[in-house]
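Undergrad: Pasting in a structure now, in structure tokens, and then I'll have a few things to ask.
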Amino acid sequence: MKPDPSTLSTYTKVAVKATKLDLTIDWTNSTLFGSVQFRLSEIRSRQLTLDTSWLNIRKVKFDGNAVKFDLLSRTKALGSPLQIDLPECTQGTLNIEFSTTDRCTALQWLKPGQTTGKKAPYLFSQCQPIHARSLFPCFDTPCVKSVFDIVIRSKYPTVATGIPVSSEDGIYTFRQDIAISSYLIAIASGDITSLPIGPRSRVWAEPQDVKSCQYEFENDTEKFIQSAEKIVFPYEWKSYDILVLPPSFPFGGMENPNITFATPTLISGDRQLVDVIAHELAHSWSGNLVTNSSWEHFWLNEGWTVYLERRILGALHGEKYRDFESIIGWQELEESIKSMGDSAARFSPLVVDLSGGVDPDDAFSTVPYEKGSTFLRYLETLLGRESWDKFIPFYFQKFKQQSLDTDMFVETLYEFFRDKKHVLDGVDWKLWLEAPGLPPKPDFDESIAKHCYDLSDQWATAAETGDFSFAAKSNVEDWTALQLVVFFDALALQLSTQKHLSEAVMTLGKVYEIASTRNCEVKARWFKLAVTAGIREECYRLADWIGTVGRMKFVRPGYRQLAKYDRKLAVDTFRKHESFYHTICRAMVMKDLNIE
Ligand code: BES
Ligand code: ZN
């Protein structure tokens, strides 16, 4: 296996048997301090290097004795390697005392005013892909897995990766019995409480919000778990909870084991954005149990997860629905490759090259998700659904609690489908795994999408002729939010320079009462259309919106659209809300807008 280019640690020279994290949240100084302890064996080098990023290192001990260490100078995205001299030995316990700094990229500290309740501060982490090293010194590669004990001292309720063991006198302890990679370590603390959403699940949120969060998820969570269990094998993590974060959480969801972190933009009141939960839950198998060995093989995490997510939804709502979701994904893939421009050659192959210190956050796109899941769907069709469905549990059993790369995946296909070698030999592996651009398009069942396309055609014609007599709320009366999304995506492709363009968009918004939607996916599409059509009022509304949500999926395109329309408005809006965003989001928007 090729080494992980995104770590500076000497992870190939040692085995990590167990890790203990003992952290105190210092709310006054917005820092975390404490220690990490690694039980090491198979030590094959006198010098050991760990990843760190913007950490203060206080003391390093090996088997209880202080040892010499050196924090080397920083390489941009990958951080500062911590070099440690070990005594002659093959195993022992390494203990490092450290504290975080105000440049920590994994943590966001919110002031009471930035929370719903306004009473208590709030802290949350986001470690994927390589921010764990700014939280604690570690072998920050998905290739290294360890069981964890986590102790957190906080004056507020606290959740973390793993099963809660006890919470007394402000000391919260968690145990993760299944070996996991560092990027899955997560903590959050603040005025949070929980309600049940299923027999093995609770939802956590601020007290004012927790009831609406419960409503949003209580119908589907357990159904998703049971459906996934039928496709792969029983859920091994025991409990599955969801934490709904404050609005600056930069992702839709993050699959932290036992406690998925989710954006509050999922709380639409209509239970229509739960596919994100199906996705994060599916990571319990793809990603958390079976893990990509480096971020170059990220598709093994995300492509498999999107594939499973749609199988879960297909099992519950029918194959047509699975294809409907896939169509949306395909549209996003087309968009994303188009918007890459010159970097498509580098970042649109399924397996990417991250050597030379490339920041994996910069390589992030829809490609591993959609090209990856399209590839798996292609294999399903090619090999036959029945035998493919037996391969799924085989693959996840074979690699559980391990990490693998794409070559190992292909080898496993050949191992399982020994009697179909000739079929596998017919796969154009180079095209699927190495070529940039779009892969071959699958045959999607378009029956649900068809109505959306038809309506889009009608609007495109109307924008030409100026005849809007067909337009009525009844056009979309019993549509789901996702149908509206497909309609909007199709229309965005069709509208450009029509004579009655802005009148068409304005009429559409009014007739379909888009302004009042609480569904963020619909909202984002509407703004895109309205800004393209140059409707000034909607540009201001978009600016207001992206000042209140920190989910990068909406914030980044939002700023790009605004900037195209009015660069000053985009930059001014960003400056005004800068401190609200998560560090990662802030950095990405600054790159997107080309500002320092
Ligand atoms: N693991 C990802 C989030 C992530 C990816 C964080 C890379 C940091 C680096 C998570 O599972 C995810 O993909 N979330 C999506 C939602 C999903 C339904 C596609 C998101 O955040 O939008
Ligand atoms: Zn994912």
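Bear in mind these aren't lab numbers, they're just calculated from the coordinates by the rules spelled out. Please read all numbers here as calculations on a predicted model, not as lab measurements. Cβ: placed from backbone, ideal geometry, glycine included. Neighbour counts: every protein chain shown.
Undergrad: Using only Cα atoms, find the angle between the long axis of helix 552-565 and the longest principal axis of the chain, and express it within 0 to 90 degrees, rounded to the nearest 10.
TA: In the chain, helix 552-565 runs at an angle near 50 degrees to the longest axis.
Undergrad: Follow-up. My understanding is that a pair violates if its Cα-Cα distance is over 32 Å; which of 473/568; 390/523; 76/371 do that in this structure? Write down the numbers at each step before the final one.
TA: On the way: 473/568 36 Å; 390/523 40 Å; 76/371 29 Å.
Over 32 Å apart, Cα to Cα: 473/568; 390/523.
Undergrad: Next up: Between helix 406-416 and the chain, what is the angle of the helix's C-alpha long axis to the longest principal axis, kept within 0 to 90° and rounded to the nearest 10?
TA: Compared with the principal axis, the helix lies near 80 degrees.
Undergrad: Order by neighbour count: 273, 569, fewest other Cβ atoms within 10 Å first, most last.
TA: Working: 273 20, 569 17.
Fewest to most other Cβ atoms nearby, the residues stand as 569, 273.
Undergrad: In whole Hz, with x marking every Gly and Pro, tabulate ³J(HN,Hα) for region 505-517 from phi via Karplus 6.51 cos²θ - 1.76 cosθ + 1.60, θ = phi - 60°.
TA: So the Karplus estimates, Gly and Pro as x, are 5, 5, 4, 4, x, 5, 5, 8, 6, 5, 4, 8, 5 Hz.
Undergrad: Over region 314-432, what relative contact order in percent results from Cα pairs under 8 Å that are six or more residues apart? Walk me through the numbers before you get to the answer.
TA: Values: 43 pairs, mean separation 25.3, N = 119.
That works out to 21 percent.
Undergrad: Okay, moving on. In region 408-456, what GluC sites (Glu not before Pro) fall in a loop by DSSP, with at most 16 other Cβ atoms inside 10 Å? Show your work: numbers first, answer last.
TA: On the way: sites: 411, 415, 434, 446; in loops: 446.
Qualifying residues, ordered by number: 446.
Undergrad: Still on this structure: Rank the residues 414, 235, 395 as a footprinting-exposure proxy: fewest other Cβ atoms within 10 Å of their Cβ go first.
TA: Details: 414 12, 235 17, 395 21.
Ascending number of Cβ neighbours within 10 Å: 414, 235, 395.
Undergrad: Can I ask one more? Ranked by Cβ crowding within 10 angstrom, fewest neighbours first, how are 317, 131, 422 ordered? Provide the component values of the computation, followed by the final result.
TA: Values: 317 13, 131 23, 422 8.
Exposure proxy ranking, most exposed first: 422, 317, 131.
Undergrad: So, one more: Note the per residue figure in Å³ for the convex hull of the C-alpha positions in region 225-290. Don't skip to the end; give the middle numbers.
TA: Values: hull volume 5.3 nm³, N = 66.
Spelled out: Cα convex hull of region 225-290, divided by residues, is 81 Å³.
Undergrad: Over the Cα atoms of region 45-184, what Rg and Dmax result, in angstrom?
TA: According to the Cα coordinates of region 45-184, Rg and Dmax are 16.5, 54 Å.
Undergrad: If you fit an axis through the alpha-carbon atoms of helix 385-399 and take the longest principal axis of the Cα set of the chain, what angle between them do you get, 0 to 90°, nearest 10?
TA: 30
Undergrad: Let me ask something additional. Nearest 500 deg cm²/dmol is fine: what mean residue ellipticity at 222 nm does the chain get from its DSSP H runs of n ≥ 4 alone, each adding -39,500 (n - 2.57), divided by its residue count? Show your work: numbers first, answer last.
TA: Numbers: 20 runs with 234 residues, N = 596.
Computed mean residue ellipticity for the chain: -12000 deg cm²/dmol.
Undergrad: Determine the relative contact order of region 115-237: mean sequence separation of Cα pairs under 8 Å and six or more apart, normalised by residue count, in whole percent. Before the final figure, lay out the partial values.
TA: Values: 206 pairs, mean separation 30.2, N = 123.
It rounds to 25 percent for region 115-237.
Undergrad: Right, here's the next one. Could you give the length gained by full extension between residue 222 and residue 464, i.e. 0.36 nm per residue of separation minus their alpha carbon distance, to one decimal place? Mind dumping the intermediate values first?
TA: Details: separation 242, 0.36 × 242 = 87.12 nm, distance 4.81 nm.
Result for the pair: 82.3 nm of gain on full extension.
Undergrad: Further question: In terms of the Cα gyration tensor, with a ≥ b ≥ c the square roots of its eigenvalues, is region 301-402 rounded because a/c is under 1.5, prolate because a/b exceeds b/c, or oblate?
TA: oblate
Undergrad: Right, another one. Report ³J(HN,Hα) in whole Hz for each residue of region 358-368, in order, from the Karplus equation J = 6.51 cos²θ - 1.76 cosθ + 1.60 where θ = phi - 60°; Gly and Pro get x.
TA: Once rounded to whole Hz, the list reads 4, 6, x, 4, 6, 7, 4, 7, 6, 3, x.
Undergrad: Let me ask you something else. Kirkwood hydrodynamic radius of region 225-342 from all distinct Cα pairs, in Å? Present the calculation step by step, with values, prior to reporting the outcome.
TA: Numbers: mean 1/r = 0.0657 Å⁻¹.
Final number for the Kirkwood radius of region 225-342 is 15.2 Å.
Undergrad: From the Cα gyration tensor of region 158-203, with a ≥ b ≥ c the square roots of its eigenvalues, which class applies: rounded if a/c is under 1.5, or else prolate if a/b is larger than b/c, or else oblate?
TA: Oblate is the answer for region 158-203, as a/c is 1.5 or above yet b/c matches or exceeds a/b.
Undergrad: Can you give the Rg/Rh ratio of region 1-95, where Rg is from the C-alpha atoms and Rh is the Kirkwood radius? Provide the component values of the computation, followed by the final result.
TA: Details: Rg = 14.0 Å, Rh = 14.4 Å.
Here Rg/Rh amounts to 0.97.
Undergrad: What's the FRET efficiency of residue 29 with residue 239 using the Cβ-Cβ distance as r and R₀ = 30 Å, to the nearest 0.05? Write down the numbers at each step before the final one.
TA: Values: r = 33 Å, r/R0 = 1.09.
Once rounded, the FRET efficiency stands at 0.35.
Undergrad: Report the Rg/Rh value for region 118-216, based on alpha-carbon coordinates and the Kirkwood definition of Rh. Before the final figure, lay out each step's value.
TA: Values: Rg = 14.5 Å, Rh = 14.7 Å.
My calculation of the ratio gives 0.99.
Undergrad: Along each of the three principal axes of the Cα atoms of the chain, give the extent in whole Å, ordering the values from largest to smallest.
TA: 83, 63, 48
Undergrad: Name the GluC sites (Glu not before Pro) in region 455-532 that are in a loop by DSSP and that have at most 15 other C-beta atoms within 10 Å, would you?
TA: Working: sites: 464, 477, 503, 513, 521; in loops: 477, 513.
Counting only loop positions with at most 15 other Cβ atoms within 10 Å, the GluC sites (Glu not before Pro) in region 455-532 are 477, 513.
Undergrad: Further question: Across region 153-168, in residue order, what do the Karplus-derived ³J(HN,Hα) couplings come to in whole Hz, using 6.51 cos²θ - 1.76 cosθ + 1.60 with θ = phi - 60° and x for Gly and Pro?
TA: Along region 153-168, the couplings run 9, 8, 8, 10, x, 9, 10, 7, 3, x, 8, x, 9, 7, 8, 9 Hz.
Undergrad: Mean 1/r over all different Cα pairs, inverted: what Kirkwood radius does region 387-440 give, in Å?
TA: Working: mean 1/r = 0.0800 Å⁻¹.
Computed over region 387-440, the radius equals 12.5 Å.
Undergrad: While we're on this one: Could you please state, rounded to a whole Å, how far the C-alpha centre of region 79-136 is from the C-alpha centre of region 287-359?
TA: What the calculation gives is 28 Å, centre to centre.
Undergrad: Taking every Cα atom in region 455-582, find the radius of gyration and the maximum pairwise distance Dmax, and write them in Å.
TA: Using the Cα atoms of region 455-582, the pair Rg, Dmax is 14.8, 46 Å.
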